[in-house]
Amino acid sequence: MIKNQEYLYSLRKCYLLEGIGDEQLTDAIRLLNGRIKKIEKDEFIVKLGGRLDNAGLLLKGRIESSFQNESFDQITMHTFGGGYLFGEALVINDAKNSPVQVRAVEDCIVLFIDLRAIYQSDIHSPLRAILTGNLIKSLARKNLILNQKVRILSQKGLRDRILIYLQTLPKDKNGYVRIPFTQTILAEHLGVNRSALSRELSRMQNEAVLIVEGKRMKLC
C-alpha cells in the first residue's frame, strides 16, 4: 500500500508501528482503515473547539500544535515532522471540543487512521495486540511531554523557562543541544514574545551562562 520510501521511513519512526515488520505494514494500515490525504500549508487539521474523527500519522511535512492562553495569545506546544502521531487522545476520548489546534506549517501528507478499530473489535490477533500495546506507550510518552510543558510554563522567570527547556533536549558529544525550530516558534513555545527571548539569550551569553551557535546551544 505504501511504496514511497520517504513515507516508509516515517512509518518506521512512528511509535504506533514499533515491532511491526515491513511485510505487515499493509495489514496494519488496512486494519486501521488508513487513508492518505494531502494537507496544504497553513491549513488547520483540527481547530480550537473542533472535532477530530481520526488520528493522523504525519508522513511528510511539518505540523504544529498550539492553544490560546487567557489573553488569547497563541502558545505553540510543539512542532513535528514525519513519523509523528497526533490526535490519539482526542479520538479515544471522543472529544467534541478540542483544547488544541493542529496546523500544517508546510505542505503535508497525512495518513489518517481509525484507532477505534484497535480496541472496538472482537477479533483478537497478534497484530492487534502489538498496536494496542504501542498505543498505550504512545499516550504515556505524550503525557511526559505535556508534563514537561507544564513545568516550563509554570516558571515565572524567562531564564528559568529557557534553562528547563534546554535540559529537556538531548545533548551531542560536545554538550550542545539543537533547537528544533525558529526563535519565533521557540518564543511561542516558552510563552513569551520574541524580543524578550532575544534579549534574555543575549544576557545569558554575555554572562557566560550560555553559548549560542545558530540553532545549537550549550549551557556553560
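The values are calculated or read from the model by the stated rules, or taken from the named source; none is laboratory data. Predicted model only: the values in this text are computed from it and were never measured. FYI the Cβ positions are ideal-geometry reconstructions off the backbone, even for glycines, and counts take in every protein chain you see. The area values use the complete protein model at the heavy-atom level, side chains included, leaving out ligands, DNA and RNA. Shrake-Rupley method; radii C 1.70, N 1.55, O 1.52, S 1.80 Å.
Among the residues of segment 154-182, those that are open to solvent by 60 Å² or more (accessible area, probe 1.4 Å) and more than 15 Å from Leu210 (Cα to Cα) comprise Ser154, Lys156, Pro170, Asp172, Lys173, Pro180, Thr182. When residues in segment 8-23 are screened for being modelled with pLDDT of 90 or more and either in contact with a helix residue (DSSP H, G or I) (Cβ under 6 Å, 6 or more places away or on another chain) or open to solvent by less than 70 Å² (accessible area, probe 1.4 Å) (or both), 9 of them pass.
Checking each residue in segment 99-119 for being touching a residue at least 40 places away in the same chain (Cβ under 8 Å), surrounded by fewer than 18 Cβ atoms within 10 Å (Cβ to Cβ) and not hydrophobic (A, V, I, L, M, F, W, C) picks out Pro99, Glu106, Asp107, Asp114.
Scoring Asp42 on the criteria (1) assigned to a loop (DSSP other than H, G, I, E, B); (2) closer than 19 Å to Ile136 by Cβ leaves a single failure, condition (2).
Scanning segment 38-49 for residues that are open to solvent by less than 20 Å² (accessible area, probe 1.4 Å) and either over 12 Å from Glu106 (Cα atoms) or hydroxyl-bearing (Ser, Thr, Tyr) (or both) yields a single hit, Val46. Scanning segment 9-39 for residues that are part of a strand (DSSP E or B) and either in contact with a Lys or Arg (Cβ under 6 Å, 6 or more places away or on another chain) or hydrophobic (A, V, I, L, M, F, W, C) (or both) turns up Ile36, Ile39.
When segment 130-144 is filtered for residues that are surrounded by fewer than 13 Cβ atoms within 10 Å (Cβ to Cβ), modelled with pLDDT under 90 and out of contact with any Phe, Trp or Tyr (no Cβ under 9 Å at 6 or more places or on another chain), the ones remaining, listed by number, are Ala140, Asn143, Leu144. With the requirement that a residue be within 19 Å of Gln68 (Cβ to Cβ) and of a type in the set (Lys, Arg), what does segment 86-121 give you? Lys96, Arg103 - these are the residues of segment 86-121 that are within 19 Å of Gln68 (Cβ to Cβ) and of a type in the set (Lys, Arg). Output the residue which, of all residues in segment 72-87 that are within 12 Å of the chain's Cα centre (by Cα) and part of a strand (DSSP E or B), is surrounded by the most Cβ atoms within 10 Å (Cβ to Cβ). So the residue we want is Leu85. Please find, within segment 30-76, the residue that is nearest to Asp114 (Cα to Cα) out of those that are at pLDDT below 90 and touching a Leu at 6+ places or on another chain (Cβ under 8 Å). So the residue we want is Phe67.
For segment 146-170, what are the residues that are of a type in the set (D, E, K, R) and either closer than 23 Å to Ala104 by Cβ or without any contact (Cβ under 8 Å) to a residue 12 or more places away in the chain (or both)? If the condition is that a residue be of a type in the set (D, E, K, R) and either closer than 23 Å to Ala104 by Cβ or without any contact (Cβ under 8 Å) to a residue 12 or more places away in the chain (or both), then Lys149, Lys156, Asp160 are the ones that fit.
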